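Read the structure below first, then the notes.
The values are calculated or read from the model by the stated rules, or taken from the named source; none is laboratory data. All of these numbers come straight from a predicted model, not from anything done at the bench. Virtual Cβ from ideal backbone geometry, glycine too; neighbours counted across all protein chains shown.
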Amino acid sequence: MATADVSTMAFKAVALTKRGWFVLPLQFPMDGECSCGDATCKNPGKHPLGRLVPHGLKDASRDPDVVRGWWAEEPEANIGIATEPSDLA
């Protein structure tokens, strides 16, 4: 992923918090596999990035500073939305 794309992911994640949505960083595709390192991963790029959100959906946040910090740590992370606390369920 190019640097411009990475900045776009962080920007989009923060933009979602401005809608009042709770977001969290997800694993991401890497060389055709999931960044989690499990070669048999059944949900590549679509599950919480446990290093940053060890409690998964429970760690989702709508605090822009928290979200910026996550993408500063892992700029290639996919974006997840916790639908229930975001009133999207």
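Within the stretch 22-29, does at least one residue satisfy the condition of being within 24 Å of Ser86 (Cα to Cα) and assigned to a helix (DSSP H, G or I)? Checked the stretch 22-29: no residue is within 24 Å of Ser86 (Cα to Cα) and assigned to a helix (DSSP H, G or I).
Applying the selection to the stretch 36-89, what residues are closer than 15 Å to Leu26 by Cβ, basic (Lys, Arg) and part of a loop (DSSP other than H, G, I, E, B)? If the condition is that a residue be closer than 15 Å to Leu26 by Cβ, basic (Lys, Arg) and part of a loop (DSSP other than H, G, I, E, B), then Lys42, Lys46, Arg51 are the ones that fit. For the stretch 11-20, the criterion of being part of a helix (DSSP H, G or I) and of a type in the set (S, T, N, Q) is met by at least one residue. Among all positions in the stretch 18-31, there is at least one residue which is free of Cβ contacts under 8 Å to residues at least 60 places away in the same chain and either β-branched (Val, Ile, Thr) or at positive phi (or both). Restricting the stretch 27-51 to residues that are among the hydrophobic types (A, V, I, L, M, F, W, C) and surrounded by fewer than 17 Cβ atoms within 10 Å (Cβ to Cβ), which is farthest from the chain's Cα centre (by Cα)? Result: Ala39. Which one of these is hydrophobic (A, V, I, L, M, F, W, C) and modelled with pLDDT of 95 or more: Ala15, Ala39, Ala4? Only one candidate passes the filter, namely Ala15.
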